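Heads up: the structure comes next, in structure tokens.
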Amino acid sequence: MTIRPASPADAPAVFTLVRALAEYEELLGEFRATEADFARMLEQGACRALLAEVEGEAVGIALFYPTALTFLGGRGLWLEDLFVLPAHRGAGHGMALLRALARLTLEEGFVALEWNVLDWNAPAIALYDRIGATARTQWTDRRLTGAALSALAA
């Protein structure tokens, strides 16, 4: 297995893995992205990704982007998507992606790595607990899209 940065040319693999994540999370109805969207986001630097590969096939992904952590006085990385194809789970690919992302976080001078996890995803939560990630239970996520976003902007 190898871990490497994704390029815009990897958009088909990124698309496939993120779509598989949406299916796993039972959120496929919300999935609207295209391969072209991922190519554009990677090209423009809106996000970056690390791919886990086995014999040249992408089997896992960590997709992330920088944030500003005002209370900590520095930049952070937000891990948007972490996913390993079911047939490749249990072989350490998810941990390898997290380790590589942790190294990148420190090497590039970020002060924290953050993400969220669905409350029913017990295997992921157990992994995150094992590596020392702390739950921020006092926070809830919010999202504004579509008609509500347009109404607020009006």
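The values are calculated or read from the model by the stated rules, or taken from the named source; none is laboratory data. Just so it is clear, the model here is predicted, and its values are computed rather than measured. Virtual Cβ from ideal backbone geometry, glycine too; neighbours counted across all protein chains shown. The area values use the complete protein model at the heavy-atom level, side chains included, leaving out ligands, DNA and RNA. Shrake-Rupley method; radii C 1.70, N 1.55, O 1.52, S 1.80 Å.
What net charge do the residues around ARG4 carry, taking every other residue with its C-beta under 10 Å from that of ARG4, with Lys and Arg at +1 and Asp and Glu at -1? With Lys, Arg at +1 and Asp, Glu at -1, the neighbours total -2. Compute the distribution of all C-alpha to C-alpha distances in region 2-70, in bins of 5 Å from 0, and list the percent of pairs in each, rounded to whole numbers. For region 2-70, the binned pair fractions read 4, 17, 26, 24, 17, 9, 3, 0, 0 percent.
When only C-alpha pairs under 8 Å and at least 6 residues apart count, what is the relative contact order of the chain, in percent?
The normalised contact order for the chain reaches 19 percent.
Estimate the FRET efficiency between ARG130 and LEU106 by the formula 1/(1 + (r/R0)^6), using the beta-carbon distance for r and 25 Å for R0, to the nearest 0.05. So the FRET efficiency works out to roughly 0.80. For the pair region 65-112 / region 114-153, the C-alpha centres are spaced 15 Å from each other.
Return the loop-located trypsin sites (Lys or Arg not before Pro) in region 84-154 (DSSP other than H, G, I, E, B) with at most 14 other Cβ atoms within 10 Å of their own Cβ; answer none if there are none.
Within region 84-154, the qualifying trypsin sites (Lys or Arg not before Pro) (loop, at most 14 other Cβ atoms within 10 Å) are ARG89, ARG136, ARG142, ARG143.
Taking every alpha-carbon pair within the chain, the share separated by more than 23 Å comes to 41 percent. Surface calculation, 1.4 Å probe, protein heavy atoms: GLU108 sits at approximately 70 Å² accessible. Does region 107-154 come out rounded, prolate or oblate, given a ≥ b ≥ c as the square roots of the eigenvalues of its C-alpha gyration tensor, rounded meaning a/c under 1.5 and, failing that, prolate meaning a/b above b/c? Oblate.
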